[in-house]
Amino acid sequence: MNAPAKFILYDDCVMLPYDDYIRSNCQPFTCGNKDLDDFFLNDSALYAEELLGKTYCWITQQAPYQIVAIFTLANDSIKTRALNSNAKNRLQRHIVNPKRGRSYPAVLIGRLGVNDSFQGNSYHIGGQLMTFIKDWFRHEDNKTGCRFLVVDAYNNPRVLHYYEANGFIPLHRSEEDEKTYYDIPETETLQTRLMYFDLKLK
């Protein structure tokens, strides 16, 4: 099934928890990244069973059913104690002084993928998906406090550009600062960059 010229998640899909029923009744999902594909197919169920992460997907409303986009969320926090002063000041810039502290509630986007048949600027599925996630945790029906979205983004230009285009900021200004924070030797390659989005900002 080829994607249509125009595709709107809210109009053309339904969002459901990703479970065995979805895996059995939808076409195989691939986003073009073997690590992500393997996680959704083989590991996401165990994460859900162990209460470590909850995976959701948007699927087409018409057969043959396709998973258009999929993502895993978990509770997290940003702890400021070990941050250098520049990173801490940037993070807290829009938080009123009386509420600044050593830890802020966050939701981790643990995994996120868009079906490779729906990728590309003509569909903007990635942008639609991120807008939904932001609005979901801003909504008055959200049952818990959540100031930030955070993600350990793959450290490659395409992935970093996606998150930056959606308003995410690296927690650490440089790879050197991030290596220092995680006690990673300077000679090692930094595989991911920790990025955040402030849900109070539009």
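Scanning region 168-202 for residues that are over 21 Å from LYS79 (Cβ atoms) and touching a helix residue (DSSP H, G or I) at 6+ places or on another chain (Cβ under 8 Å), which turns out modelled with the lowest pLDDT? Filtering first and then ranking leaves GLU186.
LEU91 - would you say it is among the aliphatic types (A, V, I, L, M) and outside any loop (DSSP other than H, G, I, E, B)? Quick ask: steps written out before the conclusion?
Numbers: among the aliphatic types (A, V, I, L, M): yes; outside any loop (DSSP other than H, G, I, E, B): yes.
Yes; evaluated as a whole, the condition is true for this residue.
Only one of the numbered conditions (1) touching a residue at least 12 places away in the same chain (Cβ under 8 Å); (2) closer than 30 Å to SER103 by Cβ is not met by ASN33, and that is (2).
Residues that are farther than 24 Å from GLN92 by Cβ and in contact (Cβ under 8 Å) with a residue 12 or more places away in the chain within region 132-164 comprise PHE132, TYR154, ASN155, TYR162, listed in sequence order. Of the residues making up region 79-120, not one is over 22 Å from the mean Cα position of the chain (by Cα), farther than 22 Å from GLU178 by Cα and small (Gly, Ala, Ser).
When ASP11 is tested against (1) in contact (Cβ under 8 Å) with a residue 24 or more places away in the chain; (2) of a type outside the set (A, V, I, L, M); (3) more than 25 Å from VAL159 (Cβ to Cβ), exactly one condition is not met: (1). Pick from region 165-179 the residues that are out of contact with any strand residue (DSSP E or B) (no Cβ under 7 Å at 6 or more places or on another chain) and without any contact (Cβ under 8 Å) to a residue 24 or more places away in the chain: which of them is farthest from TRP136 (Cα to Cα)? Taking the candidates together, the pick is GLU176.
Looking at TYR21, TYR56, can you tell me which residue is aromatic (Phe, Trp, Tyr) and under 16 Å from the mean Cα position of the chain (by Cα)?
Working: TYR21 fails: under 16 Å from the mean Cα position of the chain (by Cα).
Answer to the check: TYR56.
Being among the small types (Gly, Ala, Ser) and assigned to a loop (DSSP other than H, G, I, E, B) holds for only one residue in GLY120, GLY110, and it is GLY120.
For region 14-45, enumerate the residues that are assigned to a helix (DSSP H, G or I) and either in contact with a Phe, Trp or Tyr (Cβ under 7 Å, 6 or more places away or on another chain) or within 15 Å of PHE118 (Cβ to Cβ) (or both).
Passing the criteria: ASN25, LEU36, ASP37, PHE40, SER44.
Do we find a residue being under 20 Å from TYR196 (Cβ atoms), in contact (Cβ under 8 Å) with a residue 40 or more places away in the chain, in contact with a strand residue (DSSP E or B) (Cβ under 7 Å, 6 or more places away or on another chain) and outside any loop (DSSP other than H, G, I, E, B) anywhere in region 46-67? So far as region 46-67 goes, no, none of its residues is under 20 Å from TYR196 (Cβ atoms), in contact (Cβ under 8 Å) with a residue 40 or more places away in the chain, in contact with a strand residue (DSSP E or B) (Cβ under 7 Å, 6 or more places away or on another chain) and outside any loop (DSSP other than H, G, I, E, B).
The values are calculated or read from the model by the stated rules, or taken from the named source; none is laboratory data. As the structure is a prediction and not an experimental result, all values here were calculated from the model. Positions of Cβ are backbone-derived with ideal geometry, glycine not excepted, and every protein chain shown enters the neighbour counts.
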